Amino acid sequence: MTDWLEVRLRLKPLEQGGRKTPVLPRGGYYKPHFRVSAGSEALGVAFTDGPPEVVAGAEATVTVALIYDIDYSALQPGTAFEVLEGLRVIGAGHVVRRWTDERDWHSRASA
């Protein structure tokens, strides 16, 4: 069983420290961390669906799986978060909705 989030995010423009290459949301290969506030725990996620790519400076709605056995209770609808790659903030967003599905995130990511 996997918990899922639909999130709306905006990646930082390149000149503000954004990524040089696009994020590819489909398939579960991109696994950044979300952080709800400075100093809070980094929460690992896997992007599983969305547009084919999201470039620096763009906004998109994507689906992410909550992939670890940790407390994700801070990520509820309406919650704002930062998108991290290591210690670098590359974007921000907010949770649109959250749900649980009996399928494992690996099967959904490859579907």
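The values are calculated or read from the model by the stated rules, or taken from the named source; none is laboratory data. None of these values were measured; they are calculated from a predicted model. With ideal geometry, Cβ positions are generated from the backbone for all residues, glycine too; neighbour counts draw on all protein chains shown. Ligands, DNA and RNA are excluded from the accessible area calculation, which covers all protein heavy atoms including side chains. Shrake-Rupley method; radii C 1.70, N 1.55, O 1.52, S 1.80 Å.
This table checks each residue for (1) farther than 15 Å from L11 by Cα; (2) open to solvent by less than 60 Å² (accessible area, probe 1.4 Å); (3) small (G, A, S).
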residue	(1), (2), (3)
D69	yes, no, no
A74	yes, yes, yes
V83	no, yes, no
G93	no, yes, yes
D104	yes, no, no
S107	yes, yes, yes
When A46 is evaluated against the numbered criteria (1) open to solvent by less than 70 Å² (accessible area, probe 1.4 Å); (2) part of a loop (DSSP other than H, G, I, E, B); (3) closer than 26 Å to P13 by Cα; (4) modelled with pLDDT of 95 or more, which criterion, by number, is the only one it fails?
-> (2)
Looking at region 33-43, which of its residues are farther than 21 Å from E59 by Cβ and open to solvent by 50 Å² or more (accessible area, probe 1.4 Å)?
-> S37, A38, G39, E41
Check whether at least one residue in region 65-85 is polar (S, T, N, Q) and in a strand (DSSP E or B), and report yes or no.
-> no
Of the residues in region 1-32, those that are assigned to a strand (DSSP E or B) and either polar (S, T, N, Q) or surrounded by 18 or more Cβ atoms within 10 Å (Cβ to Cβ) (or both) come to T2, W4, L5, V7, L9, L11, V23
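In the list V62, V89, which residue meets the criterion of being open to solvent by 20 Å² or more (accessible area, probe 1.4 Å) and either assigned to a strand (DSSP E or B) or basic (K, R) (or both)? First the steps, then the outcome.
On the way: V62 fails: open to solvent by 20 Å² or more (accessible area, probe 1.4 Å).
Every option except V89 fails the conditions.
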List every residue pair whose Cβ atoms sit under 7 Å apart, with the two residues 6 or more apart in sequence or on different chains, where the first one lies in region 99-111 and is over 16 Å from E6 (Cβ atoms) and the second, anywhere, is open to solvent by 100 Å² or more (accessible area, probe 1.4 Å) and at pLDDT 80 or above.
-> E102/M1
Enumerate the pairs (first residue in region 18-38 and under 17 Å from H94 (Cα atoms) and polar (S, T, N, Q); second residue anywhere and at pLDDT 95 or above and surrounded by 13 or more Cβ atoms within 10 Å (Cβ to Cβ)) with beta-carbon separation below 6 Å, excluding pairs fewer than 6 apart on the same chain, so at least 6 apart or on different chains.
-> none
